[in-house]
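Enquirer: Okay, handing you the structure first.
The values are calculated or read from the model by the stated rules, or taken from the named source; none is laboratory data. Since this is a predicted model, take the numbers as computed values, not measurements. Don't worry about glycine lacking a Cβ; one is built from the backbone with ideal geometry, like all the others, and counts go over all protein chains shown. Side chains are part of the model used for accessible areas, which takes the heavy atoms of the whole protein and leaves out ligands, DNA and RNA. Shrake-Rupley method; radii C 1.70, N 1.55, O 1.52, S 1.80 Å.
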Amino acid sequence: MEIMPNRMDRGFFRYQEAFEKKALEVLRSGRYVLGEEVEAFEREFAAFTGAKHCVGLASGLDALWMAFRLLGIGPGDEVIVQANAYIASVMGITINGATPVFVEPDEYFALDAEQIEEKITEKTKAVLVVHLYGQAARMDRIVALCRKHKLRLVEDCAQSHGACYQGKMTGTFGDIGCFSFYPSKNLGGFGDGGAIVTDDGQLAGEMKVYRNYGSEKRYYNKVVGTNSRLDELQAGLLRVRLSHLQELTQERRQLAERYGQGIHNPGIQLPKVRDQADSVWHQYVVRCDARQELIRFLQERGIGTLIHYPIPPHLSQAYVYLGFSRGSFPITERMADTVLSIPMYNGMTEEEQEYVIEALNQF
Ligand SMILES: *Cc1c(COP(=O)(O)O)cnc(C)c1O
């Protein structure tokens, strides 16, 4: 059997009719940028998260760097972030000329709340939480720390659409929640897309101006902005997917549950589930000391896997200038050397999953 780590086509075919109907509707509307679909999506996505406002953007990376830009964070400022973040999370900070200050993750692959305080200096302006693999960080502690030290809080929710901590949705704990709608995400479009959510009406207004060359009224530019607009086509298609997100998340939870019950190989460590955090299982990430052998073993049986992520940002060539080296963040480096994302996607059949479980147990 051939099993790919992700199957985005399954997510399309399940709702094919609705997607095709919406695509034609937008194509025939004659309005392709900043129209009704974007406005409707922004309303619906804000309502979904429980935030007051949503602003559609061109990508998740744009959401991140524009969030820090509008919060006034730039050269000379420090932002605390987990060392095992995705590289784009870190780029959201450094594009603005600010400095990322890395913290080792906890056992749930999340920013370790207990290690934040010792990293705070007078230059610290914000904390960036990345809800990696779909599971929320310990937000009660992190929010309290940010309040105590008067730090801005930005959440990278590119992998956590719909994930909650203590019943509250990720993206709504801090000043700004940043989302990506890249096709492989839990709420994925058919191309690039992103958004921010916030309760701050002024900030949302400024973001709408900033994404459109800094202009509120056409050809009157208030600030030097950028071009980062969510297309009408993407927004329309995302509305279709959003209307099914709850059932899609439910399905992923069921898949995760079956993996959890089915895999019992002492050489393979299953992901830990945080109390009061209901993961949306963007990835199902196991750990294995003999990862290379495991990858090969699965490959021989037609099972594809991915590594999220093989090189932590501080060891990436792009960030040599930060001056870190191997050994700087041992917990993170150990994770990078042992994590493996096994197949997890909407539309995965029971037969496919059984096949993967059997192979993992045989290894
Ligand atoms: C995908 C992703 C991003 C970047 O989103 P793009 O839309 O690809 O720019 C940022 N952070 C995390 C954690 C991601 O998974």
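Enquirer: So Glu107 clears everything in (1) open to solvent by less than 20 Å² (accessible area, probe 1.4 Å); (2) away from the ligand (no atom under 16 Å from the Cβ); (3) part of a loop (DSSP other than H, G, I, E, B) except one condition, right? Which one?
Expert: (1)
Enquirer: Say we look at the range 91-104 and pick out the residues that are under 19 Å from Gly327 (Cβ atoms) and among the β-branched types (Val, Ile, Thr); which of these is most open to solvent (accessible area, probe 1.4 Å)?
Expert: Looking at the filtered set, the residue picked out is Val101.
Enquirer: Across the range 166-185, which residue is nearest to Asp275 (Cα to Cα) among those that are surrounded by fewer than 24 Cβ atoms within 10 Å (Cβ to Cβ), among the polar types (S, T, N, Q) and more than 9 Å from the ligand (Cβ to nearest atom)?
Expert: So the residue we want is Gln166.
Enquirer: Which members of the range 306-322 meet the condition of being in a helix (DSSP H, G or I) and within 20 Å of the chain's Cα centre (by Cα)? Steps first, answer last, please.
Expert: Residues of the range 306-322 that are in a helix (DSSP H, G or I), as a first pass: 313-315, 317-322.
Within the range 306-322, Pro313, His314 qualify.
Enquirer: Suppose the filter is crowded, with 23+ Cβ neighbours inside 10 Å, outside the structural domain of Val339 (by TED's automatic domain parsing) and within 15 Å of the ligand (Cβ to nearest atom); does Phe41 pass it?
Expert: Numbers: crowded, with 23+ Cβ neighbours inside 10 Å: yes; outside the structural domain of Val339 (by TED's automatic domain parsing): yes; within 15 Å of the ligand (Cβ to nearest atom): no.
Answer is no for this residue.
Enquirer: With under 23 Å from Val81 (Cβ atoms) and either exposed (fewer than 15 other Cβ atoms within 10 Å of the Cβ) or at pLDDT below 95 (or both) as the only criterion, which of Gly327, Gly302 stands out?
Expert: Details: Gly302 fails: under 23 Å from Val81 (Cβ atoms).
Testing whether each residue is under 23 Å from Val81 (Cβ atoms) and either exposed (fewer than 15 other Cβ atoms within 10 Å of the Cβ) or at pLDDT below 95 (or both) leaves just Gly327.
Enquirer: Only one of (1) within 16 Å of the ligand (Cβ to nearest atom); (2) touching a strand residue (DSSP E or B) at 6+ places or on another chain (Cβ under 9 Å); (3) open to solvent by 30 Å² or more (accessible area, probe 1.4 Å) is not met by Val285, so which one is it?
Expert: Val285 satisfies all of (1) within 16 Å of the ligand (Cβ to nearest atom); (2) touching a strand residue (DSSP E or B) at 6+ places or on another chain (Cβ under 9 Å); (3) open to solvent by 30 Å² or more (accessible area, probe 1.4 Å) except (3).
Enquirer: Same structure, new question: Given the criterion in a helix (DSSP H, G or I), touching a residue at least 12 places away in the same chain (Cβ under 8 Å), over 22 Å from the mean Cα position of the chain (by Cα) and surrounded by fewer than 18 Cβ atoms within 10 Å (Cβ to Cβ), identify the matching residue among Arg253, Arg258. Reasoning before the result, please.
Expert: Numbers: Arg253 fails: over 22 Å from the mean Cα position of the chain (by Cα).
Arg258 is the lone residue from the list that is in a helix (DSSP H, G or I), touching a residue at least 12 places away in the same chain (Cβ under 8 Å), over 22 Å from the mean Cα position of the chain (by Cα) and surrounded by fewer than 18 Cβ atoms within 10 Å (Cβ to Cβ).
Enquirer: Look at the range 210-246 and say how many of its residues are under 26 Å from Phe48 (Cα atoms), among the basic types (Lys, Arg) and surrounded by fewer than 21 Cβ atoms within 10 Å (Cβ to Cβ).
Expert: 1
Enquirer: Starting from residues that are open to solvent by less than 30 Å² (accessible area, probe 1.4 Å) and under 22 Å from the mean Cα position of the chain (by Cα), keep the ones in the range 261-282 and report whichever is farthest from Asn361 (Cα to Cα).
Expert: Filtering the range 261-282 for residues open to solvent by less than 30 Å² (accessible area, probe 1.4 Å) gives 262-263, 265, 268, 271, 274, 277, 279-280, 282.
Now narrow it down to the ones that are under 22 Å from the mean Cα position of the chain (by Cα): 271, 274, 277, 279-280, 282.
Details: Pro271: 16, Arg274: 24, Ala277: 28, Ser279: 24, Val280: 24, His282: 23 Å.
That would be Ala277.
Enquirer: A further question on this structure: Just to check your reading of the model, which residue among Arg28, Arg10 is open to solvent by 10 Å² or more (accessible area, probe 1.4 Å), away from the ligand (no atom under 16 Å from the Cβ), touching a Phe, Trp or Tyr at 6+ places or on another chain (Cβ under 9 Å) and in a helix (DSSP H, G or I)?
Expert: Working: Arg28 fails: touching a Phe, Trp or Tyr at 6+ places or on another chain (Cβ under 9 Å).
The match here is Arg10.
Enquirer: Has the range 131-138 got any residue that is assigned to a helix (DSSP H, G or I), open to solvent by 30 Å² or more (accessible area, probe 1.4 Å) and outside the structural domain of Tyr319 (by TED's automatic domain parsing)?
Expert: Filtering the range 131-138 down to residues assigned to a helix (DSSP H, G or I) leaves 132-134.
When the remaining residues are screened for being open to solvent by 30 Å² or more (accessible area, probe 1.4 Å), the result is none.
No, the conditions are met nowhere in the range 131-138.
Enquirer: I would also like to ask the following. Residues Ala85, Ala51, Ala67: which one is within 16 Å of the ligand (Cβ to nearest atom) and part of a loop (DSSP other than H, G, I, E, B)?
Expert: Of the residues listed, the single one that is within 16 Å of the ligand (Cβ to nearest atom) and part of a loop (DSSP other than H, G, I, E, B) is Ala85.
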